[in-house]
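These notes are about the structure you will find just below.
The values are calculated or read from the model by the stated rules, or taken from the named source; none is laboratory data. All of these numbers come straight from a predicted model, not from anything done at the bench. Don't worry about glycine lacking a Cβ; one is built from the backbone with ideal geometry, like all the others, and counts go over all protein chains shown. To get the accessible areas, we keep the full protein, side chains included, count just its heavy atoms, and leave off ligands, DNA and RNA. Shrake-Rupley method; radii C 1.70, N 1.55, O 1.52, S 1.80 Å.
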Protein chains: 2
Amino acid sequence: MAKAVSPRGFARERVLEAALSLFAEHGVKGTSLQMIADRLGVSKAAVYYQFHSKDEIALAVIQPVFDDMIRLVRIAEAMSTPEARREAAISGMVEMAVRHRRVSAVFHGDPVIDGLVHSRAELQDTIERLTEILLGPEPDDAGRICMSMLASGVYGSATDPALADVSDEDLHRVLLDCAQRVLPAASKVKA
Amino acid sequence: MAKAVSPRGFARERVLEAALSLFAEHGVKGTSLQMIADRLGVSKAAVYYQFHSKDEIALAVIQPVFDDMIRLVRIAEAMSTPEARREAAISGMVEMAVRHRRVSAVFHGDPVIDGLVHSRAELQDTIERLTEILLGPEPDDAGRICMSMLASGVYGSATDPALADVSDEDLHRVLLDCAQRVLPAASKVKA
């Protein structure tokens, strides 16, 4: 495709879409601004017109996930009992993992994304608040193990390439069922 | 430490131990034979005396996991019903994930290891047979989702750095409990 196309008419969303595809293929580290420009058939300058660094693009890709997460934390924190807060958090976690299946596949376990999240106090704070809701006020080992198993299980299956043919509806329904079966194991051992 | 130490007296196990630590820190791709030699305080030639390539070392690191896996597959395949085969496979998967916690942390999701496993027909065959036992003869979507959730949940929590303080016994007990709770969800929808 032609180089040096005018930045007009190529939207921010097209950059994010191209970046997400490339991140999925090469990891965030293995993707350059030039590769994103090439994928869009525009110049690197045209990409710079929208975003000033690859980190800025990566943050914009994961922002909708964190927007959902902070909403979920606010809803759950306002609930009356630790049990109700935890149930809301798990249901919300399943919903988020399914809705953001493609982004989660990139987001989950990428060292560059992990570094970005750690460097942003507000993202780090959201994760810590969600973890606290999931673990409850005084987590014992059984509760911690169950929650770790649930979180990696839900994200792992939502991003499993072998399940790419499964609809969001089926994935949501079955994961919620699985999560609700595991949940009592985390609670029953608590005082 | 001194260079060019005689290969005598430094065992194969010390190389594998050093390699595993380095793989965990830098990934398999980010680890060189020189780094392994430096960690042991020996020359690269001394490492070559034991292993002829990094791939050979990586394969030797994961071999005990596959030895356990093929034993598990043989035991499960010999059982009389699909339900019994599946239960044995899940119980064995939990046991393996916990016993090989450190190796699994490296093994799980490393692209170099994935490539090595894919290139070895006998390893690939073992994984396929275990997957077939776990999924049962005619897996529907719910069964596939549950098994994906179980496998990534069990391996994810067994390798979760936040659970490094949890004993193998507790981890095994709680993961088995979680897995047994999820299992009926995979089976009940089956004809």
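At the residue level, B:HIS118 shows approximately 130 square angstrom of accessible surface with a 1.4 angstrom probe and all protein chains present. Taking all protein chains as they are arranged and a probe of 1.4 Å, the heavy atoms of A:ASP140 leave approximately 50 Å² accessible to solvent. Per residue, chain A exposes 49 Å² of accessible surface when a 1.4 Å probe is rolled over the protein heavy atoms with every protein chain present. Shielding of peptide A:137-149 by partners, expressed as the average count of other chain Cβ atoms within 10 Å per residue Cβ, is 6. Take each residue in A:38-46, count the other chain C-beta atoms within 10 Å of its C-beta, and the mean is 0.
Ligands, DNA and RNA left out, the 1.4 Å accessible surface of the protein assembly as shown is 54% carbon and sulfur atoms. Maximal additional length on extending the A:THR131-A:TYR49 stretch stands at 25.8 nm, based on 0.36 nm per residue less the C-alpha distance.
With springs only between Cα atoms under 10 Å, which of A:LEU16, A:LEU135, A:LEU163 fluctuates most in a Gaussian network model of chain A? Looking only at A:LEU16, A:LEU135, A:LEU163, the largest GNM fluctuation is found for A:LEU163.
Across the range B:12-52, counting alpha-carbon atoms alone, Rg and Dmax equal 9.1, 24 Å.
Rounded to the nearest 20, the Cβ-based charge dipole of the range B:12-52 about its Cα centre (Lys and Arg +1, Asp and Glu -1) stands at 100 debye. Annotation for the range A:11-42 versus the range A:124-142: alpha-carbon center distance of 34 Å.
How much accessible area is lost when chains B and A come together, counting both sides, with a 1.4 Å probe, in Å² rounded to the nearest 100? Looking at B and A, the buried total is near 2400 Å².
Evaluating 6.51 cos²θ - 1.76 cosθ + 1.60 at θ = phi - 60° for every residue in the range A:117-126, the Karplus couplings come out as 5, 5, 7, 9, 4, 6, 6, 4, 4, 4 Hz, glycine and proline recorded as x. Relative to the first principal axis of the alpha-carbon coordinates of chain A, what is the inclination of helix A:82-99, with its axis defined by its Cα atoms, in degrees from 0 to 90 and to the nearest 10? The two axes meet at around 30 degrees.
Could you rank A:ARG86, B:ARG129, B:ARG99, B:ARG12 by how accessible they are, 1.4 Å probe, largest area first?
From most exposed to least exposed: B:ARG99, B:ARG12, B:ARG129, A:ARG86.
Name the shape class, rounded, prolate or oblate, that the alpha-carbon gyration tensor gives for the range B:62-188, where a ≥ b ≥ c are the square roots of its eigenvalues, rounded holds for a/c under 1.5, and otherwise prolate holds if a/b is larger than b/c and oblate otherwise. Here the range B:62-188 falls in the oblate category.
Please give me the summed charge of the neighbours of A:LEU33: other residues whose Cβ is under 9 Å from its Cβ, Lys and Arg +1, Asp and Glu -1. After counting each charged neighbour, the total is +2. The angle between the Cα long axis of helix B:168-188 and the main principal axis of chain B comes to about 40°, on a 0 to 90 degree scale.
Helical content of the protein assembly as shown, expressed as a calculated mean residue ellipticity at 222 nm, amounts to -24000 deg cm²/dmol (DSSP H runs of 4 or more residues, -39,500 (n - 2.57) each, divided by residue number, nearest 500). Diffusion coefficient of the protein assembly as shown by Stokes-Einstein, Kirkwood radius over Cα pairs, 4 °C, 1.567 mPa s: 57 µm²/s. Say R0 is 22 Å: what FRET efficiency, to the nearest 0.05, do B:HIS26 and B:ALA164 get from their beta-carbon distance? It comes to 0.75.
Largest GNM mean-square fluctuation among A:ALA11, A:ALA89, A:ALA97, using chain A with Cα springs under 10 Å: A:ALA11.
Between the helical axis of A:141-158 and the longest alpha-carbon principal axis of chain A there is an angle of about 40 degrees. Under 20 Å Cα to Cα from A:LYS29, which aspartates and glutamates show up? Leave out anything in the same chain fewer than 8 places away. The reachable aspartates and glutamates, counting only those whose Cα sits under 20 Å from A:LYS29, are A:GLU17, A:ASP38, A:ASP55, A:GLU56, A:ASP110, A:ASP114, B:GLU25, B:ASP110, B:ASP114. Legend: mean number of C-beta atoms from other chains within 10 angstrom of residue C-beta atoms, peptide B:104-114, equals 1.
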